[in-house]
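Student: I have a structure here, written as structure tokens, and I will follow up with some questions on it.
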Amino acid sequence: VPNLQGPHYISPAPYGGFVVSEECGDVKVFTSSCKLLCSLSSKYGHQFGNPAGVCVDMDGSILVADEQHRTVHLFPEHGAPICLVSTGLRRPAGMACSSFGHLFVADAGENCIKVFKYCMRPP
């Protein structure tokens, strides 16, 4: 996949695609055939600081940790972004979602893993 600006983190996405965060301030979504589907900053009009960890939940929503803004945002397929975590992170890095509505965030600033519970719809 060419033309990425400092690819940082990657996660599988639904239907065989994948999501990539770029150090230069964007997150891109690709199809299973490695074609650019969208840029989250363009699609949602969202301004990232330094996007880091990315993951995709059971609903197909994309979650992005922003190292500079110290936040985690959820980008649903339809609708506006939702800030899931706005305090308590020093330097969020890698992330993972569980099928039970848990979000695991590696906080490199505090050398620990933080666990958050969220649920967009009942399991």
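Student: May I ask you to give the percent of accessible area on the chain that is carbon plus sulfur, with a probe radius of 1.4 Å? If you can, show how the numbers build up before the last one.
Tutor: Working: 3610 of 6680 Å².
That fraction is 54 percent.
Student: Something else: Where does the charge balance sit around I10 when Lys and Arg score +1, Asp and Glu -1, over other residues with C-beta under 15 Å from its C-beta?
Tutor: Taking every Cβ under 15 Å from that of I10, the sum is -2.
Student: Each residue of region 28-36 in order: what ³J(HN,Hα) in whole Hz does its phi give by Karplus 6.51 cos²θ - 1.76 cosθ + 1.60, θ = phi - 60°, with x for Gly and Pro?
Tutor: 10, 10, 10, 7, 5, 9, 6, 8, 5
Student: So how do 3-9, 45-51 stack up, highest first, on mean other-Cβ count within 10 Å? Before the final figure, lay out each step's value.
Tutor: Values: 3-9: 13.9, 45-51: 16.6.
For the peptides 3-9, 45-51, the packing ranking is 45-51, 3-9.
Student: Per 0.36 nm of contour for each residue apart, how much would the distance between S98 and Q47 grow if the chain were fully extended, relative to their Cα-Cα spacing?
Tutor: Working: separation 51, 0.36 × 51 = 18.36 nm, distance 2.64 nm.
Between S98 and Q47, full extension yields 15.7 nm more.
Student: For region 19-108, which trypsin sites (Lys or Arg not before Pro) are both in a DSSP coil and crowded by at most 15 other Cβ atoms within 10 Å? Walk me through the numbers before you get to the answer.
Tutor: Values: sites: K28, K35, K43, R70, R90; in loops: K35, R70, R90.
Taking region 19-108 and a limit of 15 other Cβ atoms within 10 Å, the loop trypsin sites (Lys or Arg not before Pro) found are K35, R90.
Student: Non-local amide H neighbours of A52 (under 5 Å, H modeled in plane, Pro and chain starts lacking H): which ones?
Tutor: When sequence neighbours closer than 5 places are left aside, the close amide H contacts are A65, D66, E67.
Student: Please check: in the Gaussian network model of the chain (C-alpha springs, under 10 Å), which one of G16, G94, G60 has the largest mean-square fluctuation.
Tutor: Fluctuation is largest for G16.
Student: Give me the accessible area per residue for region 18-91, probe 1.4 Å, as a whole number in Å².
Tutor: On the way: 3480 Å² over 74 residues.
Ligands and nucleic acids excluded, the result is 47 Å² per residue.
Student: For the chain, what does the relative contact order come out to in percent, with C-alpha contacts under 8 Å and a separation of six or more? Each step should come with its number before you reach the end.
Tutor: Details: 292 pairs, mean separation 18.6, N = 123.
Relative contact order here is 15 percent.
Student: Next question. How large is log10 of I(q)/I(0) for the chain at q = 0.22, 0.23 Å⁻¹ when the intensity is taken from the Debye formula with one equal scatterer per alpha-carbon?
Tutor: Once normalised to I(0) and log-transformed, intensities are -1.35, -1.46.
Student: Next question. Report the charge-dipole magnitude of the chain in Debye, nearest 20, computed about the Cα centre from +1 at each Lys and Arg Cβ and -1 at each Asp and Glu Cβ.
Tutor: Working: 9 positive and 10 negative charges, 29 e Å.
My answer is approximately 140 debye.
Student: Calculate the spin-label point distance for L4 paired with S86, positioning each point 7 Å from the Cα along the beta-carbon direction, and give it in nanometres.
Tutor: 3.1 nm
The values are calculated or read from the model by the stated rules, or taken from the named source; none is laboratory data. Treat the numbers as computed from the prediction; the structure is a model and nothing was measured. Neighbour counts run over all protein chains shown; Cβ positions are idealised from the backbone, glycine included. All accessible areas refer to the heavy atoms of the entire protein, side chains included, with ligands and DNA or RNA removed. Shrake-Rupley method; radii C 1.70, N 1.55, O 1.52, S 1.80 Å.
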